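The structure appears right after this line, and notes come after that.
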Amino acid sequence: MTAHPLASAMGAEIRGVDLSNVSDDVMAEIEDALYRHKMIFFRDQEISFTDHENLILQLGEFGTDAYTTGVPNHPNIQPLIKEASVATKSVFGSGWHVDSAFLECPPSIAINYGVDIPPYGGDTMFANAVLAYNSLSPAMQEMIAPLKVWMSGKNVLANMQAEKQSQESGKVGAIGNIELDLNTQQMLEGFYHPMVRTHPVSGEKSLYVDKIYACGIEGMTDDEARPLLDFLSSFATQESFTCRLRWENNTVIMWDNRICLHQAFNDYDGYRREMYRAIVMGERPV
């Protein structure tokens with residue numbers, strides 16, 4: 001097994017592995033590479049839903065997906081499909097975010113499998129939140145150390161409502177034709193999490209702020225919190241902290257959701273995109 005860096009900030013292609021049959025020893029190497037590179041990907045893989053589930057179970061327990069229901073007979077495999085006939089303002093995963101940050105225990109690791117990929121567009125960008133934190137001044141690190149950020153899905157729900165109103169055929173409960181199974185009360189209430197998060201395995205500190213779910217700071221008014229959140233979320237996603245993945249058919253990616261932000265792009269209208277996603281249960285951020 002070999003790792004080939006995608007960018008200086010993060011990301012690597014892993015070669016020499018068949019993900020349909022991974023031993024515990026090989027998975028230990030994969031996990032080590034994941035923590036070093038934050039996001040890793042594998043080309044030319046053919047995995048079944050059962051294989052996909054087995055990868056998750058080698059890393060932990062199935063996580064709770066806050067958005068979608070699974071495929072028949074495989075409830076932990078979520079389909080992410082946009083048909084060629086669908087034209088939308090946004091796609092599922094648009095905007096820089098950490099997956100399901102509004103949950104008490106957000107997912108720790110995500111594994112996506114690309115089956116049918118457009119000939120262009122549809123890339124995914126990732127940002128290294130450890131590198132972002134380490135690049136802050138000592139004074140800023142000290143200032144934000146005790147802060148807790150309110151992670152809520154209120155902005156996502158508002159955007160869904162706006163898209164519904166702009167499309168006669170649209171409805172709340174869909175993004176980019178992805179049907180969603182939402183607990184709206186849970187999304188709105190969200191959770192307060194540390195703004196500076198410590199990784200449970202590597203011990204690395206990272207900046208736990210994004211552009212989608214970070215809606216406030218404990219003890220601050222919105223006027224006080226918003227400038228700081230805007231600065232930190234923009235700082236964390238500057239180009240020097242990122243990598244960009246070009247999808248191909250039969251590509252599998254894994255990323256550490258605890259220390260990565262990511263975003264999808266809606267630039268492939270007229271082409272079909274079929275992917276599947278599964279997540280590992282995470283712990284409450286500390």
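The values are calculated or read from the model by the stated rules, or taken from the named source; none is laboratory data. Quantities reported herein were computed from a predicted structural model and do not represent experimental measurements. Note: ideal-geometry Cβ built from the backbone for every residue, glycine included; neighbour counts use all protein chains shown.
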So which residues in the stretch 211-233 are part of a loop (DSSP other than H, G, I, E, B) and exposed (fewer than 12 other Cβ atoms within 10 Å of the Cβ), if there are any at all? GLY219, THR221
Checked PHE241, PHE235 against criteria (at pLDDT 80 or above, touching a Leu at 6+ places or on another chain (Cβ under 6 Å) and closer than 28 Å to HIS37 by Cα); the one match is PHE241
I need the full set of residues from the stretch 273-286 which are assigned to a loop (DSSP other than H, G, I, E, B) and β-branched (Val, Ile, Thr), in order please. VAL286
Looking at the structure I just gave you, is GLY95 within 19 Å of TRP255 (Cβ to Cβ), touching a Pro at 6+ places or on another chain (Cβ under 8 Å), touching a residue at least 40 places away in the same chain (Cβ under 8 Å) and of a type in the set (Gly, Ala, Ser)? no
Extreme residue, surrounded by the fewest Cβ atoms within 10 Å (Cβ to Cβ), among residues of the stretch 73-88 that are of a type in the set (A, V, I, L, M, F, W, C) and under 26 Å from MET281 (Cα atoms): ILE81
Residues in the stretch 234-272 that are of a type in the set (A, V, I, L, M, F, W, C) and either surrounded by fewer than 20 Cβ atoms within 10 Å (Cβ to Cβ) or assigned to a loop (DSSP other than H, G, I, E, B) (or both): how many? 4
Among the residues listed as ALA3, ALA33, ALA28, the single one being of a type in the set (A, V, I, L, M, F, W, C) and in contact with a Lys or Arg (Cβ under 9 Å, 6 or more places away or on another chain): ALA3
Which members of the stretch 43-84 meet the condition of being over 17 Å from the mean Cα position of the chain (by Cα) and assigned to a strand (DSSP E or B)? VAL71, HIS74, LYS82
Pairs, please: C-beta under 9 Å, at least 6 apart or cross-chain, first residue at positive phi and in the stretch 134-153, second small (Gly, Ala, Ser) and part of a loop (DSSP other than H, G, I, E, B)? none
Does LEU34 meet the test of being crowded, with 17+ Cβ neighbours inside 10 Å and part of a helix (DSSP H, G or I)? yes
Would you confirm whether or not the stretch 170-181 contains a residue that is closer than 22 Å to SER94 by Cβ and at pLDDT 80 or above? no
